[in-house]
Amino acid sequence: MKKYRGVFLKNENEIAIMREANRIGAMILDELEKAVTPGVKTMFFEEICQECCRRHAVRPAFQGYQGYPFALCCSVNEEVVHGFPSDRVVAEGDIVSFDMGVVFEGFVSDSARTVGVGKVSDTAKKLMRVTKESLDAAIAQARPGKMLSDVSRAVQKVVEGAGYHVVRRFVGHGIGRNMHEKPEVPNFVIPGLPELPLQPGMVLAIEPMVAIGTHEVDILADGWTAVTRDNSLAAHFEHSVAITASGNEILSRSS
Ligand code: MF3
Ligand code: CO
């Protein structure tokens, strides 16, 4: 595969496979969203996720990745990312982040969404809206002629403009045959980081993680689940986006 400054550039055929991988991933997220209702255990979502993967004849990308035990990351309220599906029951007013990826014909998909359980507070709604808007603003910058730092800056501006905090411990990433490829895609500007001009054929998983009270996270004893240090609510939205000659294409959409 061709490379630009260490970043794999995908050709049309490879993008077509990634489009299908991510379309399947997005359909699975749609199914998960439909299943959200007060009173269910988060393990129920893992079961749906596994069943969907079987039905679509894809392999869950996360399971076994650096020892991660599940197909799904399911993070509730103060959990930011990498939450384990468990016997935890979701209640009306909770927010749940689903993050999942599949492997299809050798390429990996990756996408995430946060959804409310039943009726949620205005605060929770605003957090989800701002996080989604920060992703949309980032995607608008993901095109030739822009630098990677423009993507990072767009997220940071929207999030901090709303008075929220960008989680710094985790970043977005290039994606392709491997889930994590170069470049890292931070959700904040890192002074002194060398600029990377965006090129057609790059595929980026852009994934703002936003918390109401602090950017700091702790990792629970399971070694994975990241929670906000102040236990404030967090949201996570992620799309896998291909840079094209004329702009970009969001791959992780179901229709
Ligand atoms: N979207 C996450 C990421 O890009 C999912 C990885 S979870 C893992 O890092 F378990 F697979 F590591
Ligand atoms: Co990702």
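No value in this document is a laboratory result; all are computed from the given coordinates. On a predicted model such as this, the values are computed, not experimentally measured, just so you know.
Brief remarks follow.
- Cα centroid separation - the stretch 197-255 against the stretch 128-144, whole Å: 10
- In terms of its C-alpha gyration tensor, the stretch 41-177 comes out oblate, because a/c is 1.5 or above while a/b does not outweigh b/c.
- Those lysines that a straight Cα-Cα span of less than 29 Å connects to Lys34, excepting residues fewer than 8 apart in one chain: Lys119, Lys125, Lys126, Lys132
- In terms of its C-alpha gyration tensor, the stretch 132-255 comes out prolate, because a/c is 1.5 or above and the ratio a/b outweighs b/c.
- Separation of alpha-carbon centers, the stretch 153-179 and the stretch 1-39, rounded to whole Å: 18
- Size descriptor for the chain, Kirkwood hydrodynamic radius: 18.0 Å (Cα pairs only, one decimal).
- Rounded if a/c under 1.5, otherwise prolate or oblate - the stretch 1-93, Cα gyration tensor axes: prolate
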